[in-house]
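Participant: After the structure tokens below, expect a handful of questions from me.
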Amino acid sequence: MSAYLTRSKKQSGVMLLEAMISILIFSIGILAIVGLQAASVKRAGDAKYRSDASLLANQLIGQMWVADRTPAALQTNFSSPSGAAYTAWLSYVNTALPGASATPPTVTFVTSAGTTVPSSVATVTIFWNAPNEAANAHRYMALAQIQ
């Protein structure tokens, strides 16, 4: 009987130690899953903003296609910062994308080589900042030939 008591004294607390180690391993696993979930939510938000920027740029390009498509009319109505259609579209951009008002989107028309006459090649560039990010963290650029 004394051999049984000495063996049980040597092993006293081992079960408690095993339980503490298993709780520690389980906690580390749960923290890793929570971290992955947070990263997933951030990436989903980034994807939403990229999708919104793409839709907004394509919306303006679509308006260019149905408007008067002469290069002079495109330049007058859609170029930034003073085109009439551009200023109306700009309010949509500022409400749809966070931080877009810090750096307004640009709409430019490529000029032909050696001349100052604008062509019908439009470049729409949209900037935005996700919450808690530095200025001009994201940019979407669309290039379209309007004919």
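The values are calculated or read from the model by the stated rules, or taken from the named source; none is laboratory data. This is a predicted model, so every value here is computed, not measured. So basically every Cβ, Gly included, is an ideal-geometry build from the backbone, and we count neighbours across all protein chains shown. Accessible surface areas use protein heavy atoms only, side chains included; no ligands, DNA or RNA. Shrake-Rupley method; radii C 1.70, N 1.55, O 1.52, S 1.80 Å.
Participant: Could you calculate the contour length gain from residue 43 to residue 14, that is, 0.36 nm times the residue separation minus the distance between their Cα atoms, to one decimal place in nm? All intermediate terms of the calculation are to be shown ahead of the outcome.
Facilitator: Numbers: separation 29, 0.36 × 29 = 10.44 nm, distance 4.39 nm.
Taking residue 43 through residue 14 to full extension adds about 6.0 nm, to one decimal.
Participant: Once fully extended, how much extra length lies between residue 139 and residue 80, figured as 0.36 nm per residue of separation less the alpha-carbon to alpha-carbon distance?
Facilitator: Extra length available between residue 139 and residue 80 comes to 19.6 nm.
Participant: Could you work out what % of the accessible surface of the chain is carbon and sulfur, using a 1.4 angstrom probe and leaving DNA, RNA and ligands out of the count? Walk me through the numbers on the way to the answer.
Facilitator: Details: 6290 of 9660 Å².
C and S fraction of accessible area: 65 percent.
Participant: Can you give me the distance in nm between label points at residue 106 and residue 28, each placed 7 Å from the Cα along the Cα-to-Cβ direction?
Facilitator: 5.0 nm
Participant: How far is helix 84-96 tilted, in degrees, relative to the longest principal axis of the Cα atoms in the chain, given as a value from 0 to 90 rounded to the nearest 10?
Facilitator: The angle comes out at about 10 degrees.
Participant: Which one of 35, 122, 15 has its Cα pushed farthest toward the positive end of the charge dipole of the chain, where Lys and Arg give +1 and Asp and Glu give -1 at the Cβ?
Facilitator: 15
Participant: Okay, next question. Accessible area per residue of the range 29-107 at 1.4 Å probe, in Å²?
Facilitator: 56 Å²
Participant: By average Cβ neighbour count within 10 Å, what is the ranking of 27-40, 58-71 from highest down?
Facilitator: 58-71, 27-40
Participant: What are the semi-axes of the equivalent ellipsoid of the chain, taken as the square roots of 5 times the eigenvalues of the Cα gyration tensor, listed largest first and rounded to whole Å?
Facilitator: Equivalent ellipsoid semi-axes, largest first: 65, 12, 11 Å.
Participant: Rounded to the nearest 20 Debye, what is the dipole magnitude of the chain about its Cα centre when Lys and Arg each give +1 and Asp and Glu each give -1 at the C-beta?
Facilitator: Result for the chain is approximately 720 debye, rounded to the nearest 20.
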